[in-house]
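Read the structure below first, then the notes.
All of the numbers you see were taken from the coordinates with simple rules; none came from a lab. Just so it is clear, the model here is predicted, and its values are computed rather than measured. With ideal geometry, Cβ positions are generated from the backbone for all residues, glycine too; neighbour counts draw on all protein chains shown.
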Amino acid sequence: MKYVFILLVVFLGMEPVFAQSFQILEAPVRLVNIFSTADSTEYRMSLTEQVMFRPHGQPFENEPCIFLDSTKRFQTFVGIGGAFTDASAETYAKLPADKQAEFMQAYFDPKEGIGYTIGRTTIHSSDFSSGSYTYVKDGDKDLKTFSIAHDEQFRIPFIKKAIAAAGGDLPIFASPWSPPAWMKDNDNMLQGGKLLPDFYQSWANYYVKFINAYEKAGIPIWGLTVQNEPMAKQTWESCIYTATEERDFIKNFLGPTLHKNGLQSKKLIAWDHNRDLLFQRASTILNDPEAAKYVWGIGFHWYESWTGAPTPENVKLVSESFSNKPLLLTEACNFPFSWKTIDEWHWGENYGTAMISDFNNGAVAWTDWNLLLDETGGPNHVKNFCFAPIIGDTRNGTLHYMNAYYYIGHFSRYIRPGARRIACSSNRAQLQTTAFLNPDGSIAVVVMNAGKTGVDYKLFAGDQAIDLKILPHSIQTLVF
């Protein structure tokens with residue numbers, strides 16, 4: 001007689017220890033853990049069901065199904081994370097010590113939290129700072145006065161605590177919003193404007209100064225983007241580059257300067273703006289071999305969706321056209337901020353829909369905007385108030401978790417760096433889905449239902465299947 005012994009230890013809301021299985025007649029025994037977040041319930045990444053795969057024949061034409069094929073593998077996953085802005089750091093500093101500890105665990109612990117594995121920060125000020133500032137004195141073309149002293153009060157300690165909370169390894173990439181005003185044709189860090197040709201080299205040197213200063217302060221810099229939103233004239237810090245201007249700045253100044261200073265290993269990311277002009281920018285830069293050799297990948301934002309014209313297919317087109325250059329979403333957030341709407345369910349669904357689409361179209365990473373904001377949706381020196389997945393109410397020292405936090409967590413906790421996206425197909429538009437094979441051999445399948453009704457469906461893996469139900473306005477991660 002043959003016996004099957006299964007050892008299973010599951011901690012509710014924590015990373016599961018997966019069933020160890022033996023085979024009988026070549027049929028694997030696989031137990032699936034289902035974690036759920038659902039509207040009008042208490043489910044928040046909760047272990048809601050455990051089911052076993054069973055042999056199954058041909059599915060019927062009219063039954064909702066999701067089909068997996070782990071032998072078909074695509075891009076390698078880099079990570080999911082958020083941005084260490086001045087606003088986040090200043091809000092964090094105002095929280096009591098126990099809430100600071102809770103915050104760090106919530107974002108960066110892979111078992112008790114949602115396990116962020118990448119981060120973004122700014123090169124001097126952005127709109128999410130209490131005011132505009134730079135690291136040099138006016139007119140200092142040689143950057144002799146360069147100093148990151150401003151950041152040493154809040155932002156640098158904040159990032160270092162996060163790195164520790166993440167286990168000592170948290171890749172950080174940095175983005176500038178604007179050169180100093182005196183380097184620009186409008187003599188203003190705000191309202192767009194362009195970098196003057198006389199300061200191209202000084203501005204390229206500025207990136208090097210920043211990287212070296214942050215690394216000396218104990219924060220390794222994994223990568224950098226050329227310019228945040230280079231086609232947006234904003235009321236806050238901004239700077240305009242056409243596609244050819246960004247290409248030539250990379251080719252003639254920034255790329256060579258990074259290499260000359262021994263920083264060629266830093267991941268240089270172009271564009272860093274919306275999906276709508278993504279292909280035009282990528283093709284202009286990457287079709288030039290002298291520019292492309294300095295570029296690691298292409299970054300993009302999601303804000304064109306807010307105009308009612310989402311263009312997710314552009315991510316796929318760039319991924320297919322330039323398969324050797326990784327794509328990553330570098331910024332996303334919900335807005336405008338309001339306490340009255342903070343718990344509306346669509347905020348989380350915005351994330352779920354975008355993340356599934358971006359990963360299925362080839363993205364290797366996804367970086368949210370502010371990690372933390374206060375009860376006003378700031379601080380922000382131009383009143384551009386937004387949501388963050390966690391809001392720190394500095395009036396009473398509490399943390400408010402938006403449902404967006406949990407929606408992001410359905411990806412970030414269960415899909416780990418080094419995972420490979422695998423083939424995952426839904427036969428119903430109401431079931432949005434993506435799937436990854438983790439380095440430890442586990443498979444994570446994310447299924448989202450933004451509809452008003454629940455759906456009974458089957459998940460197929462080869463000739464085996466499980467019967468499942470997904471609630472209305474909910475998201476699941478299936479792990480086995």
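If the chain between residue 340 and residue 398 were fully stretched, how many nm would it gain, using 0.36 nm times the residue separation less the Cα-Cα distance?
Numbers: separation 58, 0.36 × 58 = 20.88 nm, distance 1.74 nm.
Result for the pair: 19.1 nm of gain on full extension.
Net charge dipole, the chain: roughly 880 debye, given to the nearest 20, about the Cα centre with Cβ charges of +1 for Lys and Arg and -1 for Asp and Glu. Whole-percent P(r), the range 184-291, all Cα pairs, 10 Å bins from 0: 14, 44, 36, 6. Note on residue 187 and residue 321: the model spin-label points, each 7 Å out from Cα along the C-beta direction, lie 4.0 nm apart. Counting Lys and Arg as +1 and Asp and Glu as -1 over every other residue whose Cβ lies under 9 Å from the Cβ of residue 472, the net charge comes to 0. With N the number of residues in the range 299-369, Rg(Cα) / (2.2 N^0.38 Å) evaluates to 1.18.
Let me test this: with uniform point scatterers at the alpha carbons of the chain, what is the Debye-based log₁₀ I(q)/I(0) at q = 0.11 1/Å? Per q value, in the given order, log10 I(q)/I(0) is -0.89. For the range 78-414, DSSP calls about 15 percent of its internal beta bridges antiparallel. Gain on full extension, evaluated as 0.36 nm per residue between residue 41 and residue 94 minus their Cα-Cα distance, stands at 15.9 nm. Partner aspartates and glutamates whose Cα lies under 16 Å from the Cα of residue 293, excluding those fewer than 8 positions away in the same chain, are identified as 246, 248.
First select every other residue whose beta carbon is under 15 angstrom from the beta carbon of residue 244; then total the charges, Lys and Arg +1, Asp and Glu -1. Local net charge: -1.
With q set to 0.10, 0.13, 0.18 Å⁻¹, the log10 of I(q)/I(0) for the range 108-254, from the Debye formula over equal scatterers at the Cα positions, is -0.36, -0.60, -1.07.
For the listed residue pairs 325/458; 72/216; 316/340; 137/251, the alpha carbons are over 31 angstrom apart in 325/458; 72/216; 316/340. Counted by Cβ distance under 14 Å from residue 400, the other residues give a net charge of -2, where Lys and Arg count +1 and Asp and Glu count -1.
On full extension of the chain, what length is gained from residue 259 through residue 73, given 0.36 nm per residue of separation minus the C-alpha to C-alpha distance? Spell out each step's value before the answer.
Values: separation 186, 0.36 × 186 = 66.96 nm, distance 3.33 nm.
Here the answer is 63.6 nm.
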